[in-house]
Every structure is written in C-alpha cells, then in structure tokens.
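Engineer: Take this structure, written in structure tokens, and hold onto it; I'll ask about it next.
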Amino acid sequence: NNSPEDIETDECMSTYTHIYSPNLLMHGCDTVIASRNLEKLSEAAKKLTSTTGRRCLPIAMDVRQPETISTAMDETLKTFGRVDILINNAAGNFLCPATSLSFNAFKTVMEIDTMGTFNTSKVVYDKWFKDHGGSIVNISATLGYRGQALQVHAGSAKAANDAMTRHLAVEWGPSGVRVNTVAPGPISGTEGYRRLGGSHAETAGVFRSIPLQRAGNKTEIAHAVLFLASRAASYVTGTILVADGGAWLTSAND
Ligand code: HXC
C-alpha cells in the first residue's frame with residue numbers, strides 16, 4: 001500500500017510527510033473556505049489555522065447566487081490583497097434513479113455543480129485573474145464516462161464541467177489563467193463516500209475490482225489538486241486528471 005497518511009474524520013492530520021517541496025506554493029498558503037454554512041466553516045477554519053499556522057478566512061456564500069460570490073471575492077481581496085488559486089468543489093449529490101428524480105432535483109444539482117462552477121470562475125476571473133493570471137482547479141467525477149446508474153444528475157453536471165474546463169482554458173489562457181480538473185474515484189472519509197454508499201461497497205468487496213484494489217484517500221486527491229494548482233503544472237491547462245485508482249476502467253454500474 002503506497003497511499004500517503006490520511007485521516008477518516010474531518011479533523012486535520014497530526015503528521016504529514018511532504019512529497020512536494022514544502023514551499024511549492026510560496027511558503028504555504030492562506031486560504032478562504034466558502035459554503036452556505038458559516039458555523040461549519042468557522043469550525044473548519046479554526047482547525048486549519050491552528051494546524052497550518054496560516055490564515056484561513058471562512059465566508060458564507062451560495063455558488064448559485066452570483067452576488068454572494070461577488071461579495072465573498074471583495075472580502076477576500078480586502079483581507080488578502082490577491083488570489084492565486086481557485087478550487088471549485090461545491091457539489092450536491094445523492095443516489096436516485098432517473099424515474100424517481102424530480103425535475104427540481106435534476107435542476108438543483110445542475111445549478112450547484114455546473115452553474116456554481118461557472119459563476120465562481122467568472123467572478124474570480126473578472127475581479128482578479130483577468131489582470132493577474134491564476135490557476136483554477138475544478139473537482140469533477142468519472143460518473144458520466146460509463147453512464148453510472150442512479151447518477152444521471154451528477155454525471156451530466158460533471159460532464160458539462162469537464163467541457164467548461166476546456167472552454168475556459170482556451171478563452172482565458174492568454175490572460176495567464178490555467179484551468180484544469182481532478183476527477184476523483186471513491187475517496188474514504190468524504191461526504192460523497194458516505195452519500196454514495198462507499199462503506200457498503202467496501203464491505204461487499206466491490207473495491208477489489210478497482211485496478212489499485214482500494215478506495216483512495218483525501219491526501220491523494222490533495223496531491224493531485226496541488227500538482228495542477230501549482231507551478232509544477234505550469235504548462236498544463238484544459239486537462240482532466242483522473243485520480244481513481246483506475247476504477248472507471250473496470251467498474252461499470254456497481
Ligand atoms: C432524491 C432528492 C434527494 C435525494 C434532495 N432531493 N435530496 N431527490 N433523492 N436523496 C431533491 C429534493 O426533493 C428537491 O426536489 C430537490 O432535490 C432540491 O432539494 P433541496 O433540499 O430543496 O435543495 P438543497 O437544499 O439546495 O440541497 C441540494 C442537495 C443536497 C444536492 C439536494 O443534498 C446538498 O446540498 N448536498 C450538499 C453536499 C453534498 O451532496 N455533497 C456530496 C457531494 S458528493 P423537489 O422536487 O422535492 O423540490 C459528490 C461525489 C461525486 O459529488 C462522485 C464520487 C465518485
């Protein structure tokens with residue numbers, strides 16, 4: 001097992017062995033974390049600050065409401081004076097067959113995953129990246145590659161995001177903006193894993209059919225995102241990096 005250390009809970013890791021140079025992001029980085037729930041964010045920000053010694057600003061916003069993103073970006077620039085990296089990882093998902101999926105449920109997931117990614121990218125581009133360059137990393141999924149059952153909403157939304165990655169890479173490349181995507185497989189200790197039956201799949205032995213024969217962990221996805229976000233990938237744009245242990249190649253609808 002070559003997987004790096006990780007933790008199953010939402011706590012921060014107590015130890016970490018750097019696999020990249022520790023100053024890859026210019027001596028670490030300050031962060032802004034954003035979601036609808038300020039209470040949860042504040043708790044996470046406290047943990048991140050105390051573990052990393054870097055500043056972490058929690059901001060409540062909804063990716064479906066562009067004006068809230070705009071306000072969040074203004075607050076970010078006021079606090080930190082610049083933005084170098086945007087990670088689009090807001091998503092909503094659940095298992096549901098197409099026949100039971102309401103029109104509003106499909107629309108809701110499209111609005112969070114697809115429009116949310118567009119809205120946030122556009123605000124950050126207009127307010128900062130347009131004049132200073134930057135790096136965007138979107139978090140996608142492999143669900144649509146083989147038409148995963150019970151996932152028409154999320155698979156369709158993420159497929160649109162994969163196209164968006166290429167469109168924005170082409171339009172914004174001349175401004176010095178790279179746009180890339182990481183498509184994770186099943187990752188232990190995540191909300192997606194809990195919602196999409198990860199533990200059940202593990203117990204049932206489903207992960208043995210994955211070429212690397214296990215679920216991934218959060219640190220492994222962080223490493224993929226860090227690669228694309230950083231100058232390690234300075235000539236990489238418009239690409240989708242699948243980090244799934246080879247899962248989509250062998251698991252169709254289980
Ligand atoms: C069927 C559902 C549903 C479910 C909600 N809906 N949950 N339908 N099965 N389990 C329907 C509702 O009935 C409603 O339709 C519509 O969706 C909108 O629901 P709301 O609750 O009003 O919307 P909202 O509060 O905005 O919630 C959005 C959400 C929610 C997506 C439904 O689950 C959410 O916010 N989740 C955020 C966190 C999350 O999901 N993270 C995991 C991402 S995992 P009607 O018709 O009744 O009005 C991930 C991994 C991907 O993306 C792949 C890994 C391999």
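The values are calculated or read from the model by the stated rules, or taken from the named source; none is laboratory data. For clarity, every value in this text was computed on a predicted model and none was experimentally measured. Reconstructed Cβ throughout: ideal geometry from the backbone, glycine too, with neighbour counts over all protein chains shown.
Engineer: Can you say whether Ile59 is farther than 26 Å from His153 by Cα, at pLDDT 95 or above and either within 16 Å of the ligand (Cβ to nearest atom) or under 16 Å from the mean Cα position of the chain (by Cα) (or both), as far as the supplied structure shows?
Structural biologist: Spelling it out, it is not the case that Ile59 is farther than 26 Å from His153 by Cα, at pLDDT 95 or above and either within 16 Å of the ligand (Cβ to nearest atom) or under 16 Å from the mean Cα position of the chain (by Cα) (or both).
Engineer: For segment 164-219, how many residues meet the condition of being of a type in the set (Lys, Arg), under 24 Å from Thr237 (Cβ atoms) and assigned to a loop (DSSP other than H, G, I, E, B)?
Structural biologist: Start the filter on segment 164-219 by keeping residues that are of a type in the set (Lys, Arg), which leaves 166, 178, 194-195, 208, 214, 218.
Still in the list and also under 24 Å from Thr237 (Cβ atoms): 166, 178.
Subsequent filtering for residues that are assigned to a loop (DSSP other than H, G, I, E, B) retains none.
Matching residues across segment 164-219 total 0.
Engineer: State all residues of segment 112-147 that are within 16 Å of the ligand (Cβ to nearest atom), aliphatic (A, V, I, L, M) and within 18 Å of Glu67 (Cα to Cα); if no residue qualifies, say none. Walk me through it before giving the result.
Structural biologist: Step one: of segment 112-147, the residues within 16 Å of the ligand (Cβ to nearest atom) are 112-117, 119-120, 137-147.
Adding the requirement that they be aliphatic (A, V, I, L, M) leaves 112, 115, 137, 139, 141, 143.
Within segment 112-147, Ile112, Met115 qualify.
Engineer: Anything in segment 163-196 that is among the small types (Gly, Ala, Ser), out of contact with any Pro (no Cβ under 9 Å at 6 or more places or on another chain) and within 22 Å of Pro97 (Cα to Cα)? List them, or say none.
Structural biologist: Going through segment 163-196, the residues among the small types (Gly, Ala, Ser) turn out to be 163, 169, 173, 175-176, 183, 185, 188-189, 192.
Applying the additional criterion that residues be out of contact with any Pro (no Cβ under 9 Å at 6 or more places or on another chain) yields 163, 169, 173, 175-176, 183, 185, 188-189.
Matches in segment 163-196: Gly185 only.
Engineer: What number of residues within segment 1-51 satisfy the criterion of being farther than 19 Å from Val225 by Cα, surrounded by 14 or more Cβ atoms within 10 Å (Cβ to Cβ) and at pLDDT below 95?
Structural biologist: Of the residues in segment 1-51, 1 are farther than 19 Å from Val225 by Cα, surrounded by 14 or more Cβ atoms within 10 Å (Cβ to Cβ) and at pLDDT below 95.
Engineer: Here is a further query. Of the residues Asp62, Asp74, which single one is in a loop (DSSP other than H, G, I, E, B) and acidic (Asp, Glu)? First the steps, then the outcome.
Structural biologist: Details: Asp74 fails: in a loop (DSSP other than H, G, I, E, B).
Selected residue: Asp62, the only one of Asp62, Asp74 that is in a loop (DSSP other than H, G, I, E, B) and acidic (Asp, Glu).
Engineer: Checking Ile112 against (1) in a helix (DSSP H, G or I); (2) closer than 25 Å to Ser251 by Cα; (3) without any contact (Cβ under 8 Å) to a residue 60 or more places away in the chain, which test does it fail?
Structural biologist: Answer for Ile112: the failing condition is (2).
Engineer: Now a separate question. Which number in (1) modelled with pLDDT under 95; (2) surrounded by fewer than 17 Cβ atoms within 10 Å (Cβ to Cβ) marks the one condition that Gly246 misses?
Structural biologist: Failed condition: (1).
Engineer: Scanning for something under 26 Å from Asn161 (Cα atoms), part of a helix (DSSP H, G or I) and either touching a Cys at 6+ places or on another chain (Cβ under 6 Å) or of a type in the set (Val, Ile, Thr) (or both), does segment 79-100 turn up at least one residue? Break it down stepwise before answering.
Structural biologist: Restricting attention to segment 79-100, the residues satisfying the condition of being under 26 Å from Asn161 (Cα atoms) are 82-100.
Within this subset, residues satisfying the condition of being part of a helix (DSSP H, G or I) are none.
No; the residues of segment 79-100 include none that is under 26 Å from Asn161 (Cα atoms), part of a helix (DSSP H, G or I) and either touching a Cys at 6+ places or on another chain (Cβ under 6 Å) or of a type in the set (Val, Ile, Thr) (or both).
Engineer: Output the residue which, of all residues in segment 152-209 that are within 12 Å of the ligand (Cβ to nearest atom) and over 30 Å from Ser3 (Cα atoms), is surrounded by the fewest Cβ atoms within 10 Å (Cβ to Cβ).
Structural biologist: Val152
Engineer: Something else now. For segment 27-37, state whether one or more residues are in contact with a helix residue (DSSP H, G or I) (Cβ under 6 Å, 6 or more places away or on another chain) and farther than 27 Å from Ser234 by Cα.
Structural biologist: Yes.
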